[in-house]
Each structure stands twice: as C-alpha cells, then as structure tokens.
Amino acid sequence: MSDPNVITLVAERIAHLHKVDISAGDGAGDYSLSTKEPRMWSLIDERMKMALEVDFDDDPYKAGCLAQLHLREKIIAEIEWLKSTLAKISSPVVFCHGDLTNSNMIVESDEDGVITKVSIIDFDYSGYDYRGFDIGTHFTKFAGITGDYSKYPNAKTQYAFLSQYLRSNHVEPTKEALDCLYEEVNAFALASYLCWGLWGILQSEKSTKSFDYLEYARVRFERYFVQKEEFVLLKAASTETMF
C-alpha cells in the first residue's frame, strides 16, 4: 500500500465511496442504512458493554490476559476522554466502508504490471459514519492483523493520500486543508483502535479459529496509547502556532 500510484487510486476510490447517498434500505452485517446518523460511538459502546460481560472462568490463562487489558480501570475512561476530544473535531458524516483493509481491495494491472484500478469489496461493516473514522481505520489497517505498526503510514504518505482525496472531492489541497484533515483522521484513528480492540475481545470468546484475539486486542490498545500521546503533542504544537 506504500506504492504512490496505489495510494492515489485508493484515495480516489474512497473519496468516490464517501459521495454515495443511500437514503433507505437495510445494510449488511452490523449496520442499517436507513439513517445517516454516525454509528461509531454506538458501536464502541455496544462492544464495550458486551466485552465487560466476557469471562474465562474455565481458562485461567485467557482470564489473566483479559484482566491485563484493564477494561474497567483504563479503557472506559479513555472512551469518555475520546468522546470529549472528538466532539471538538469536525468530521462530516458520509457513507463509509468500515473495514478498509488490503484484503478488501482488488487491484487490476495493465500488461506492463502497472496497477491501473482499485476496487473496494466486502461491505459487511458499511454504513454512515464519520469520514475521519473511515480514513483513520484505513491507515490503522496498514499494520495488518498482526499489528505491525512500523507499517503505519508516515506523514508524507498520509499527505499524499489526503491530497488526492481532497482533489477527488474538488477541494484544493492547501496546507491548511491538509493539516486539518491530517489531524482529523489521526484523531479518529484512536477510536478505531478502541473499536477493533473491543472486537478482538468479543472474538476471543466466540471464535473457533486458532488465533490469539486477546493479543490482537492488547496490541490495538497499546497502539492507542502510543498514538494518543502523539496526537496530544500534535495538538499542543498546532495550538502554539496560533499565538
């Protein structure tokens, strides 16, 4: 996903998706498309409620791993902090994919092997939500299922993506516009870490796959705290430039 050409094509496709207007009907999976109300917080709150009910009384190892995630001691408070923080950041509600991973994108190449088209598939989590949440989630998914956040797109890659996204929406990618969108998506990426971390906890109880979903959750929560600190520093720096 670090190929500049692919980044441009993906940004164009996501911008196109965000323009889709579906005013009625049933969505797939967890979502209904009959409302344009954002679903992010209701989804996170619902997952938290269910995650607090997960227990592994018959599995001491899993019970210990779950306890180390500190849902009641830390994560509940972080959700409240994030609600207050994101309420101050403008992000339009658009039709979102909800799970923009590499595996949910199909690329087509020409005879020379140059990628010329990107198609988005698998709309199980689609619905109306915050633009920043969809793009932020896409950036977090660069790390893959194992959570290798050395692959999280750096500022240069993000700005290239966001520039094309704005152009595809007929918006001039000025420094001000880019800085604002950059802050938006990286702030909402924090919500994505919490949302998918909680998903991991729920999967740890019901999935029959031989995959460590509690470790998946731990890695997402750990990354949340790392990126939260970076975001706080970014906000502090941007505030200082105003004076």
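If amide H atoms are built 1.01 Å from N in the plane of the peptide, which residues on other chains or at least 5 residues away come under 5 Å of the amide H of CYS96?
Counting only residues 5 or more places away or on other chains, the set is GLY127, TYR128, ASP129.
Output wanted: per-residue J couplings in Hz (rounded whole) for the range 73-89, from phi through Karplus 6.51 cos²θ - 1.76 cosθ + 1.60, θ = phi - 60°, x for Gly and Pro.
6, 10, 5, 4, 5, 5, 4, 5, 4, 5, 4, 5, 5, 6, 5, 8, 10
Report the FRET efficiency, 1/(1 + (r/R0)^6), for ILE76 and VAL171, where r is their Cβ-Cβ distance and R0 is 35 Å, rounded to 0.05.
Working: r = 37 Å, r/R0 = 1.06.
According to the calculation, E is roughly 0.40.
Given LYS88/LYS206; LYS19/LYS209; LYS88/LYS117; LYS88/LYS175; LYS19/LYS49, which pairs have Cα atoms separated by over 30 Å? Can you show the working numbers first?
On the way: LYS88/LYS206 36 Å; LYS19/LYS209 36 Å; LYS88/LYS117 36 Å; LYS88/LYS175 21 Å; LYS19/LYS49 32 Å.
Over 30 Å apart, Cα to Cα: LYS88/LYS206; LYS19/LYS209; LYS88/LYS117; LYS19/LYS49.
Translational diffusion coefficient, Stokes-Einstein: compute it for the range 43-168 using the Kirkwood radius over C-alpha pairs as Rh, at 10 °C and 1.306 mPa s, and state it as an integer in µm² s⁻¹.
90 µm²/s
Going by C-beta contacts inside 10 Å, put HIS18, HIS97 in order with the fewest on the left.
Listed from fewest to most nearby Cβ atoms, that is HIS18, HIS97.
Which whole-number percent is the relative contact order of the chain (Cα, under 8 Å, 6+ apart)?
With pairs under 8 Å counted, the relative contact order is 25 percent.
With the cut-off at 34 Å, report for the chain the share of all Cα pairs above it, as a whole percent.
Counting every Cα pair in the chain, those more than 34 Å apart make up 17 percent.
Run down the aspartates and glutamates and flag those whose C-alpha is under 12 Å from the C-alpha of LYS62, throwing out any fewer than 8 positions away in its chain.
GLU205, ASP212, GLU215
Rule-based calculations on the coordinates, nothing more; no lab input. The shown structure was predicted, so the numbers you read here are calculated from the model rather than taken from an experiment. For neighbour counting, all protein chains shown are included, and Cβ atoms are generated from backbone atoms with ideal geometry for every residue, glycine included.
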